[in-house]
1. Can you name the residue in segment 193-236 that is acidic (Asp, Glu) and farther than 20 Å from ALA133 by Cα and is also surrounded by the fewest Cβ atoms within 10 Å (Cβ to Cβ) among such residues?
2. When THR166 is evaluated against the numbered criteria (1) in contact with a strand residue (DSSP E or B) (Cβ under 8 Å, 6 or more places away or on another chain); (2) in the same structural domain as SER33 (by TED's automatic domain parsing), which criterion, by number, is the only one it fails?
3. Tell me which residues, restricted to segment 145-162, are surrounded by 14 or more Cβ atoms within 10 Å (Cβ to Cβ) and in a loop (DSSP other than H, G, I, E, B).
4. Out of the residues in segment 103-115 that are of a type in the set (Gly, Ala, Ser) and either without any contact (Cβ under 8 Å) to a residue 24 or more places away in the chain or outside any loop (DSSP other than H, G, I, E, B) (or both), which is surrounded by the fewest Cβ atoms within 10 Å (Cβ to Cβ)?
5. Let me spell it out: the conditions are (1) among the small types (Gly, Ala, Ser); (2) under 18 Å from THR57 (Cβ atoms); (3) surrounded by fewer than 24 Cβ atoms within 10 Å (Cβ to Cβ), and ALA122 meets all of them except one. Which number is the exception?
Amino acid sequence: MTITSADAMKREAAGRALAHVTSGMRLGLGTGSTAAHFVDLLGVRVREGLDVLCVPTSQRTRAQAQALGIPLTTLDEMPELDLTIDGADEFDARLRLIKGGGGALLREKIVAAASKRMFVIADATKQIETLGAFPLPVEIDCFGARATQLHIERMAHGLGLSGPITRRATASGAPYITDGGHYILDCAFGAIPAPELLAANLVAIPGVVDHGLFIGLASAIFIGGADGVRVICEAA
């Protein structure tokens, strides 16, 4: 069977990841269009009797899961999870990700870090050779936002990275505010040859809450393509 649409590829990848979920698991539920497919499919399994308890990474995912009857809790009530399933804006062959296009990168990273494993679901178009084709989201405190942005610009220049940094806005033009009450800067640096170095430099800047580089968190990536789903895993 040949799969033709990106949406169908995402759903196929979500289904393959769901096959690894068993009763009794504590799950983290990601945010975004691809993760929404997983939540939909999980809702079907829950109605069929699958026993899971889940932590959503955003208010949007929480509302979707509640509508489907998926049992939910919080990280305060259940601080250790078995598995998080989430999407990615892009990824490379070393399972390094850029996330945050859906505006939930901080909570997604907290939930992923609280999990024994993180499975990523994506369509084949999200795999690239070098991270950076997708503008890197950086979540910052609203206080001193302009000063924080200038620090990021200077730091990036020192690493040989250039490109516009824009504060994310809503469709109405108002500043986009995350569930945690922060701004997001979208950094169009282009190719990022040393993502680990950039990550370390970003978190050292006062005002930066976190960034969309997810390094060392993904255990496996389920990639939906025209010919089905393939999986890349972390090195043993």
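The values are calculated or read from the model by the stated rules, or taken from the named source; none is laboratory data. Remember, predicted model here, so these are calculated numbers, not experimental data. Every residue, glycine as well, gets a Cβ built from its backbone with ideal geometry; the counts of neighbours run over all protein chains shown.
1. So, considering only residues that are acidic (Asp, Glu) and farther than 20 Å from ALA133 by Cα, the one surrounded by the fewest Cβ atoms within 10 Å (Cβ to Cβ) is ASP227.
2. All conditions are met except number (2).
3. Those that are surrounded by 14 or more Cβ atoms within 10 Å (Cβ to Cβ) and in a loop (DSSP other than H, G, I, E, B): LEU159, LEU161.
4. Kept after step one, since they are of a type in the set (Gly, Ala, Ser), are these residues of segment 103-115: 103-104, 112-115.
Applying the additional criterion that residues be either without any contact (Cβ under 8 Å) to a residue 24 or more places away in the chain or outside any loop (DSSP other than H, G, I, E, B) (or both) yields 112-113, 115.
On the way: ALA112: 25, ALA113: 14, SER115: 22.
Going through the qualifying residues, I end up with ALA113.
5. (3)
Conditions tested, residue by residue: (1) touching a residue at least 40 places away in the same chain (Cβ under 8 Å); (2) under 24 Å from HIS182 (Cβ atoms); (3) in contact with a Gly (Cβ under 8 Å, 6 or more places away or on another chain).
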{"position": "ARG11", "(1), (2), (3)": "yes, no, yes"}
{"position": "ASP40", "(1), (2), (3)": "no, no, no"}
{"position": "GLU48", "(1), (2), (3)": "no, no, no"}
{"position": "LEU53", "(1), (2), (3)": "no, no, no"}
{"position": "ALA65", "(1), (2), (3)": "no, yes, yes"}
{"position": "GLY69", "(1), (2), (3)": "no, no, yes"}
{"position": "LEU75", "(1), (2), (3)": "no, yes, no"}
{"position": "ASP86", "(1), (2), (3)": "yes, yes, yes"}
{"position": "ASP92", "(1), (2), (3)": "no, no, no"}
